[in-house]
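Below is one structure, written out as structure tokens, with a few remarks after it.
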Amino acid sequence: MTRLIRAAETAARAKLRGPWLLLLIASLSGCSANHDEIARVGGASITVADFEAAALANGRPFAALGDSAKWLFAEEMIKRQLVIEAAKRDGAFRDSTFLDFVGSSRDRIGRDALLQSLSGGPIAVSEAEILETYRRLDQESHVSVVLASSRSAAEQALKAIRGGADFGRMADRYNSSGLVPPGGDAGWLLPGALLPSMDEAMLSAPIGEIVGPIDANGQGWFLLRVEGRRPARREPLETVRGAIVERLRQRKQRATFFRGLDRIRADHVVTLQAGAGATMGIELLGPLNARGGRVSSVEELGLPDSIRAVVLATYRGGAYTLGDALADLIRGGSAPNLAMQPQVERWIEAQTLERAVQNEARQRHLVEEPALERALRAQTDNGLAEAWFARHVTTPLSIDEAAVRAEFEASAPQYARLRAARIAVALFADSASAGQVLLHGGHAGSLAAAVAMGAPGTPMRTADLAYPNENPQWAQFEARFASMQPGEMVGPFHTEGGWVVIELLDRQMSVPTWEALDPSLRQHLQTLAVQRQRELRYRAVTDSLRRIIPVTVHRDRIQKLTWPLESRMPPGIGSGG
């Protein structure tokens, strides 16, 4: 997506030349009972609401084009819908890969909606809570912690420490998640920095005594030891009130979220099989290491079906197998260290809980809600468009040297380089005098005239500089002089002798010859040539689609549209240009 956003911004700078927005605009159109449509492509309607939603989400690259942008944006939506309709006519929606994509999109949208709902609605924070939290900020504690992936692991660590093992070494040994600092030293902390249960221990536990295991709400189990306490300086209440309220709100929201997650875990009976972590490590660690940890498919590892079918965890209505785990590892994301059994078991439980969450979302029919159904349609349309675009537009192109050279000749002036600059330099004893001269620079007409007005007698000189320049003093100004026009002034700049103001008197720019271009610039030009050819191909393809797929454009309705970005964009971005 980052690549697509950059491509869209580049298109905007080039007056939106090309089809790159095709892959960026989320399709929000479809069969609709809303008669307020601005265009109809085949059987799909693009409505005012569709246009405004898409423009607010993706219209920023068009912003500088002002009101005319709505016509360009509407045209891009029409072209994109043509592609979607063509993909449907080709039967792409029946492709097994696309069907898998639709299923995963549905699960992802439902999952995200469910997880968001677990945080609950607006979280209230009372004045009494604020005052109590503020009261506690008069003391900070030096805390050391051990974070283990399970209660049993935390109890093992506690037993080892009480048997004489070093606390810091145990913290490092059990720190499989990487969330704890080296040696378990969390430093000096104010109340509110930890989970509520740990906060209480930090405030009340005797110094040097180990407290725990403490449940970390889904992140593991903590052992905590207070190394010392000292008074802390409190800011005035009104200064820190906002931060206190936000911290309390986040803690409550987090607690609500994990309680909801725990309910799903219990309702769907998420159960880890005995020895699941060891089984996964034994079966996968060796084969993965033999391939350098790089495997592109489940089949590549060569595990027999009987091994892939081994159940690691269960949930109501399903099981999480070794094959599922391998597939999740190949897909990427956070992966456990297979040599550390507690970490592996925590990971298996998390992956199994993920499937239980998806099941819960399906049972609640969340994706059937209008907003989520619309989002799913947008994602599936995106999938159709990208697949069709890849087959018909982004297929390999043969670009010869003549095409690259033509690209260079069409844009040669932008590759001009500074070859020489003639400058006037005034040297001032202090920055105030230099600033005073710059105030006159706008109306004096030249640096010499401005010096005569603001600081008579200031020494001046002229210099002729050649570029590239080996003198660091002047080499740093190459790009600046290349972008300036004769008569412009810059400064003041500090030097060993004082402060200088520089006026560009004249400059010489030259465009490199085709033969003198460096390899990196040739590669850039080749990329531009490929993009141009794809744009031409895209234009030809969409033009041909218009001849076989009926398109109706309600120009009077588009004319009445107000470009929706203007009121929501930062100052300086909008209707200019």
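The values are calculated or read from the model by the stated rules, or taken from the named source; none is laboratory data. Here the structure is a predicted model, which is why all the values come from computation and not from measurement. Quick reminder, even Gly has a Cβ in these numbers, built from the backbone with ideal geometry, and neighbours come from all protein chains shown. Side chains are part of the model used for accessible areas, which takes the heavy atoms of the whole protein and leaves out ligands, DNA and RNA. Shrake-Rupley method; radii C 1.70, N 1.55, O 1.52, S 1.80 Å.
Data table
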quantity: Cα lying deepest toward the dipole's positive end in the chain, options Ala420, Gln156, Gln533, charges on Cβ; calculated: Gln533
quantity: Count of lysine pairs in the chain with Cα separation under 24 Å (8 or more residues apart, or interchain); calculated: 7
quantity: Whole-Å semi-axes of the stretch 338-387's equivalent ellipsoid (Cα gyration tensor); calculated: 32, 17, 6
quantity: Per residue solvent-accessible surface (Å²) - the chain, probe of 1.4 Å; calculated: 52 Å²
quantity: Convex hull per residue volume in Å³, alpha carbons only, for the stretch 393-503; calculated: 169 Å³
quantity: Computed P(r) (all Cα pairs; the stretch 435-577; 10 Å bins; percent); calculated: 8, 19, 19, 19, 18, 11, 5, 1
quantity: Ellipsoid semi-axes in whole angstrom, largest first, where each is sqrt(5λ) of the Cα gyration tensor of the chain; calculated: 53, 42, 28
quantity: Kirkwood Rh, Cα atoms: Rg over Rh of the stretch 57-136; calculated: 1.30
quantity: Helix-only [θ]222 nm of the chain, DSSP H runs n ≥ 4, -39500 (n - 2.57) each, per residue, nearest 500; calculated: -16000 deg cm²/dmol
quantity: Tensor-based shape of the stretch 117-242 (alpha-carbon gyration tensor, a/c under 1.5 rounded, otherwise prolate or oblate); calculated: oblate
quantity: In order through the stretch 127-141: 3J(HN,Hα) via Karplus (6.51 cos²θ - 1.76 cosθ + 1.60), integer Hz, x for Gly, Pro; calculated: 5, 5, 5, 4, 5, 5, 5, 5, 4, 6, 6, 8, 9, 10, 10
quantity: Whole-Å distance, taken between Cα centres, linking the stretch 119-186 and the stretch 201-263; calculated: 8 Å
quantity: Accessible-area ranking of Met202, Met340, largest first, probe 1.4 Å; calculated: Met340, Met202
quantity: Cα convex hull of the stretch 465-528, projected area averaged across orientations, nm²; calculated: 6.0 nm²
quantity: Dipole magnitude (debye, nearest 20) for the stretch 456-505, charges at Cβ of Lys, Arg, Asp, Glu; calculated: 100 debye
quantity: Semi-axes of the equivalent ellipsoid for the stretch 288-424, Cα gyration tensor, largest first, Å; calculated: 49, 25, 19
quantity: Reference-scaled alpha-carbon Rg (2.2 N^0.38 Å with N residues) for the stretch 180-280; calculated: 1.37
quantity: Only Lys, Arg (+1) and Asp, Glu (-1) charged, at Cβ; the chain dipole about Cα centre in debye; calculated: 740 debye
quantity: Quarter of the Cα convex hull surface for the stretch 236-358, i.e. its orientation-mean projected area (nm²); calculated: 10.3 nm²
quantity: Mean Cβ count within 10 Å, highest first, over the residues of peptides 282-288, 118-124, 79-85, 434-440; calculated: 79-85, 434-440, 282-288, 118-124
quantity: Whole-Å distance, taken between Cα centres, linking the stretch 472-540 and the stretch 362-413; calculated: 33 Å
quantity: Long-range Cα-Cα pairs in the stretch 391-433 (distance over 14 Å), rounded percent; calculated: 74 percent
quantity: Surface share of carbon and sulfur [accessible, 1.4 angstrom probe, percent] for the chain; calculated: 52 percent
